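Since the structure comes first, as structure tokens, the remarks are kept for the end.
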Amino acid sequence: MNRIESGLRRILGDRARFDSSEIEKYMHDASYLQPERPLAVVFPKSTAEVSRVLRFCNGNGIAMTVRGGGTSLTGACIPAKGGIVMSMERLKRILEINTEDQYAVVQSDVVINDLNKRLGRLGYFYPPDPGSSSVASVGGTIATNAGGLRGVMYGSTKRWVLGVEAVMADGTVIETGSRTMKLSRGYDLTSLLVGSEGTLAVITKAILRIEPSHEKTGSIVAYYRSMGPACEMLYSLRRSNLPVVTAEFMDRKSVGYMGGSLGIDVAHSAKYMIFIGILSSTSSLASDMRLASVLVKRSKPISSRATISPEEVAGEYLSRKELHDIMAEEVGSRGLGIIIGYVVVPLSKLALAVRDIERMCALSRLGSAMFGHIGEGNIHLNVFADLGRSRDVAYATRMLRELGRIAIRHGGSVSAEHGIGLEKKQLLKDELAALRSPKELVLMKDIKKAFDPNGILNPGKIFD
Ligand SMILES: Cc1cc2nc3c(=O)[nH]c(=O)nc-3n(C[C@H](O)[C@H](O)[C@H](O)COP(=O)(O)OP(=O)(O)OC[C@H]3O[C@@H](n4cnc5c(N)ncnc54)[C@H](O)[C@@H]3O)c2cc1C
């Protein structure tokens, strides 16, 4: 037994695993990127154990990558070569739900859907709802500032985190934020940890804001020949102050995957489908839906359909949530994988950005499909490539770089959600160069040094 093995076993006993069969389960995430083999995977059961493992790694210069649900699409939880993976899966308890003060305290690996199931029984919910919510963890969604299908009303995860307990690289435990709705206490370290991708500290607990559940939902599906009128419709919904909770778009190819696999009713002459969700009270849903339907019709879609049937609304929502998986399965059956770019532009530039992306895709030798959280200007471009052919991967990577340039040109960003990980490091540099703000990267590196002077926490992610 070598020094590392005996050191980790002393702390965790048989919850430090060195066997290939176990390690292999923790090497990949949901991205196409090929992993390096770590030395071990460890399963701490408490904050104290997280702290002891980190102190050991820090003292021995061992890289440590913390992992939640492993659904990252950017390689953010792919371990460093020769490092270890810390799986948080034994930290899954919901510790407190306080409906009077509207917060929940949870351990980091509570799965988003599990939290919502518990809250639902009390008439509450936690708003961030990424497409991966059946697997993604509270810790991972905080560390990537996850967005999701309710983002148009509730924003990204950062709005919902009141504070965290986190362990720094040297094993020091810190508690940021508070259980109160407001705080103005110097630098906001909670916000700094949101989106830090496991590079600054390991989050062990979180204090999350929760909301009372709405009584009623309705949805409208509309089909368009071009993006201009669809965007006009979105502006008018925004101006009307209607309680729009979801605004998603799919291009024709994505609609094909949804229709083909899920039996959804699609208009085949359409180029785009827009899915609108309205969240309201029992007394106002009917009038909200009436006004929303008028505004949708005014934009002259090819056709549109509204429903307040809870089963239909839930079915449509779920279909959109499952779109990535359905698409991955279908292209996988053709021996291909998906390489995803997910940019964001101001809503006023959305139609132009989609036009530019489509022009690029029309010239590409690789297939692709687009969808996204359009209410926030978020576009996901899915490029289909043979992941075993380096030429295809390099070609798709060039397309994503061009996608990033299109977003920047229209005043947007190369990363709307999912973080930077291993995959978007060059794009981050491109964006900061375009903004003439390369100093931001220097500041990020300085912050990293302050939290993790020996660089053991998830090295190589966000920047080299
Ligand atoms: C089908 C599908 C749909 C998706 N839809 C969305 C979507 O709608 N919106 C969206 O934003 N993303 C989406 N994603 C991307 C992904 O689910 C999110 O990035 C999610 O937040 C990752 O959570 P996770 O628990 O799986 O984290 P992981 O993948 O395990 O880790 C992600 C990052 O967080 C870090 N991390 C994990 N746990 C901790 C912790 N306890 N402390 C500190 N750092 C930690 C890791 O080191 C890594 O850098 C989707 C992914 C898939 C596969």
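The values are calculated or read from the model by the stated rules, or taken from the named source; none is laboratory data. Every value quoted in this text rests on a predicted model; they were computed, and no experiment measured them. All Cβ positions, even for glycine, are placed from backbone atoms using ideal geometry, and neighbour counts span all protein chains on display.
Per-structure values
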{"item": "Residues (surrounded by fewer than 23 Cβ atoms within 10 Å (Cβ to Cβ) and over 14 Å from Phe275 (Cα atoms)) located in segment 244-263", "result": "Lys253, Gly256, Gly260, Ser261, Leu262, Gly263"}
{"item": "Failed item, numbered, when Ser413 is tested on (1) within 16 Å of the ligand (Cβ to nearest atom); (2) without any contact (Cβ under 8 Å) to a residue 12 or more places away in the chain", "result": "(2)"}
{"item": "All helices (runs of 4 or more DSSP H) inside segment 1-108 with 3 or more residues being away from the ligand (no atom under 11 Å from the Cβ) and without any contact (Cβ under 8 Å) to a residue 24 or more places away in the chain", "result": "3-12, 20-25"}
{"item": "Pair list, Cβ < 7 Å and 6+ apart or interchain, from segment 150-162 residues that are aromatic (Phe, Trp, Tyr) to residues that are within 12 Å of the ligand (Cβ to nearest atom) and at pLDDT 95 or above", "result": "Tyr154/Pro128; Trp160/Pro128"}
{"item": "Residue within segment 135-144 that is in contact with a strand residue (DSSP E or B) (Cβ under 7 Å, 6 or more places away or on another chain) and away from the ligand (no atom under 13 Å from the Cβ) present", "result": "no"}
{"item": "Flag for Pro301 being away from the ligand (no atom under 16 Å from the Cβ), surrounded by fewer than 16 Cβ atoms within 10 Å (Cβ to Cβ) and on the phi < 0 side of the Ramachandran plot", "result": "no"}
{"item": "Tally, over segment 119-173, of residues that are closer than 19 Å to Glu96 by Cα and part of a loop (DSSP other than H, G, I, E, B)", "result": "5"}
{"item": "Single condition Ala434 does not satisfy, out of (1) at pLDDT 95 or above; (2) more than 23 Å from Ala201 (Cα to Cα); (3) among the hydrophobic types (A, V, I, L, M, F, W, C)", "result": "(1)"}
{"item": "Residue in segment 270-278 that is within 19 Å of Leu350 (Cβ to Cβ) and surrounded by fewer than 20 Cβ atoms within 10 Å (Cβ to Cβ) present", "result": "yes"}
{"item": "Any hit, segment 374-391, residues being touching an Asp or Glu at 6+ places or on another chain (Cβ under 7 Å), surrounded by fewer than 24 Cβ atoms within 10 Å (Cβ to Cβ), free of Cβ contacts under 8 Å to residues at least 40 places away in the same chain and more than 30 Å from Leu237 (Cα to Cα)", "result": "no"}
{"item": "Count of segment 290-346 residues which are closer than 23 Å to Val245 by Cβ and part of a helix (DSSP H, G or I)", "result": "25"}
{"item": "Failed criterion for Ser72 (all others in (1) more than 30 Å from Ile338 (Cα to Cα); (2) of a type outside the set (Val, Ile, Thr); (3) buried (at least 22 other Cβ atoms within 10 Å of the Cβ) hold)", "result": "(1)"}
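So that you can scan it fast, the table gives a plain yes or no per residue for (1) under 25 Å from Ala30 (Cβ atoms); (2) in contact with a strand residue (DSSP E or B) (Cβ under 6 Å, 6 or more places away or on another chain); (3) touching a residue at least 24 places away in the same chain (Cβ under 8 Å):
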| residue | (1), (2), (3) |
| --- | --- |
| Arg305 | no, yes, yes |
| Tyr317 | yes, no, yes |
| Ile326 | yes, no, yes |
| Glu330 | yes, no, yes |
| Leu336 | yes, yes, yes |
| Gly341 | yes, yes, yes |
| Val345 | yes, no, yes |
| Ala369 | yes, yes, yes |
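Each row is one residue, and each column tells you yes or no for (1) farther than 23 Å from Ile374 by Cβ; (2) over 18 Å from the mean Cα position of the chain (by Cα); (3) in the same structural domain as Thr65 (by TED's automatic domain parsing).
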| site | (1), (2), (3) |
| --- | --- |
| Arg398 | yes, yes, no |
| Ile406 | no, yes, no |
| Leu427 | no, no, no |
| Arg436 | yes, yes, no |
| Lys448 | yes, yes, no |
| Asp452 | yes, yes, no |
| Pro459 | yes, yes, no |
